[in-house]
1. Out of (1) farther than 30 Å from residue 157 by Cβ; (2) in contact (Cβ under 8 Å) with a residue 12 or more places away in the chain, the odd one out for residue 41 is which?
2. Taking the condition of being crowded, with 16+ Cβ neighbours inside 10 Å, out of contact with any Ser or Thr (no Cβ under 8 Å at 6 or more places or on another chain) and not small (Gly, Ala, Ser), how many residues in segment 80-101 meet it?
Amino acid sequence: MHTKEKPAAVAIRLVIAIIIAAYVLFPFLLLVINSGKETSNITANPVSLAGSSLGQFRFNIHEVINDPNFLFWKSFGYSALITVVSLVLLSLFGSMAAWVICRNKTVWSTIIYFTFIASMIIPFQVVMLPLISTFRDVGKFIGIPMLQSVPGIVFAYLGFGGAMTVFILNGFIKGVPFDLEEAASIDGCTPEQTFFQIIFPLLTPVITTVTILNGMWIWNDYLLPSMMLGQNGKVMTIPIAIQKFVGSYVKRWDRILPAALLAIIPMIIIFLIAQKQIMEGMIEGAVKG
């Protein structure tokens, strides 16, 4: 039997939620407000609305997009390409690996699964130097450059993002009834048909969650692209372009802040659109896992 909550308790929780929301959103609001100002107004009073206007905001955005030091469209295109290809391959190979590991109860499958889990606790700083030298040697061996190339960094993201992907999907697959696969096998389905026609469609909610989480990480990542792609401009992602742009305009905040805003807007839009699917995938994965 549920008891009615006291108004005071509801009010306290509401106030706490508002405070937390304001604390989280304040940096973003500052970014938006100051993106519509001139540098003098930003440095004089960054927390004030004075000086911020829609006309100045449009002018700053237009100047940043067309600035030859930023190369917005080039870096945006490479970021989108790397992110989309990495996410597609992570979702496909991660779900296949998770299904095989989950359904094959052998010593080797257990070892492989815990190897995935163990890799999640290894800091990137520990492996970054061996990673670069290994990719350089592998590129020379196979005749395909693994550094300063899209295939190389996509392959790296498969390695670093595969562990979390397999971990989350494995927990979800444990809750999928094995009877479905047995029925498909009796009907004459091959393992490949069983996976793509029965299992993969059932993974849609949790794959959406994993895709958004990996997508935000890959899109905003700076350290791995800066090491693998360099800063020579051949292949450039949004974070690298912003870093070079900041170096060109050290004190031009009316250029730097709109550039940062342009970089984060795509992920914010995608998150707002898919937030329902993200929550559903996390809840279903937690319940079934």
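Readers should treat all values here as calculations from the given coordinates under stated rules, not as data from a laboratory. All values reported here derive from a predicted model rather than from experimental measurement. Neighbour counts are summed over all protein chains in view; Cβ atoms, including those assigned to glycine, are modelled from backbone coordinates with ideal geometry.
1. Condition (2) is where residue 41 drops out.
2. Counting residues in segment 80-101 that are crowded, with 16+ Cβ neighbours inside 10 Å, out of contact with any Ser or Thr (no Cβ under 8 Å at 6 or more places or on another chain) and not small (Gly, Ala, Ser) gives 5.
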